[in-house]
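All remarks here apply to the structure that follows.
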Amino acid sequence: MQHYVVPNIYDDMSNQGQGYFAFRFTCQQCRWSVDSAPIRSSVSTATNIMDVGVGLLGGFWGRAAEAGEKIYGAQWHTEQANALQKSWGQVQHQFQLCPKCHRTVCMRCFNVQLNLCTGDGCAPDLRADGVQFQHHMNVDAQRQQLEQGYQAPHFNISGLPSAATPDMLKPQQAQMAQQAMLPGQQQVQPPTPAAIAGYSTPGYPQVVMCPTCRKMGPPGKFCQDCGTKLPLPDLFCPKCSSPVENGARFCPECGTKLTTAG
């Protein structure tokens, strides 16, 4: 039998229990693999392991089992080495050793004209690299075209719930109004909540008397001493919204009767 130097690209797929040898050879470049044809073991078919007491312990059967395993193991490894030589002889024409990187690759990854493999450090396939580079350029160009012609869809955000309160939006609205003013135009300050409620209107009393505890205190909704609800005077007509004086009983514009705190 011819002797080969088998490269370290194989995996042992042998099965001692089934009594055959098999090997898988893998390309070191693309990881393509080929399995050799199974080779039947002669020692496993000619010798029954149970005949020499394998699996029994103690006494004569235990010593016979140890001797049987040693004999069987040595013959198995000898047949295994011969089977590896035979299997490599069957598939070696599908592989080639690269003289530069010393890797064993399949014929798909070997440039026969240059006598080098197609690895990055040896003789890569320029045509394949050019096609791959052109493909990446096409992808980048297509992305640029999509970005240039892309228009964001319009969403109806008015119906979406928001945690922003009107107080948070006031500074932005005031800034937008200030930017929209014409040169030389004075900025109009929006009315404050106190002005809307009438607290800063001329003639509004600075202190009021609680109808329950009869103590004087600042105007508000409730008494600060006993918590009684305080009646607020009508500073504006509830019908025509005309301003009225403090203590007026009738509106001077429409004659509506006004309710005052007593």
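A few remarks follow.
- Residue list for segment 104-149, restricted to those being of a type in the set (A, V, I, L, M) and more than 28 Å from Thr26 (Cβ to Cβ): Met137, Val139, Ala141, Leu146
- Count of segment 108-148 residues which are assigned to a helix (DSSP H, G or I) and either at pLDDT below 90 or touching a helix residue (DSSP H, G or I) at 6+ places or on another chain (Cβ under 6 Å) (or both): 23
- Selection count where residues are touching a residue at least 24 places away in the same chain (Cβ under 8 Å) and farther than 30 Å from Ile9 by Cα, scope segment 99-157: 0
- Of the criteria (1) touching an Asp or Glu at 6+ places or on another chain (Cβ under 9 Å); (2) farther than 12 Å from Ser87 by Cα; (3) among the charged types (D, E, K, R), which one Arg24 fails: (2)
- When we screen Val105, Val43, Val5 for residues that are modelled with pLDDT of 85 or more and surrounded by 13 or more Cβ atoms within 10 Å (Cβ to Cβ), the only hit is Val105.
The values are calculated or read from the model by the stated rules, or taken from the named source; none is laboratory data. In this text, all values refer to a predicted model and were calculated from it rather than measured experimentally. For neighbour counting, all protein chains shown are included, and Cβ atoms are generated from backbone atoms with ideal geometry for every residue, glycine included.
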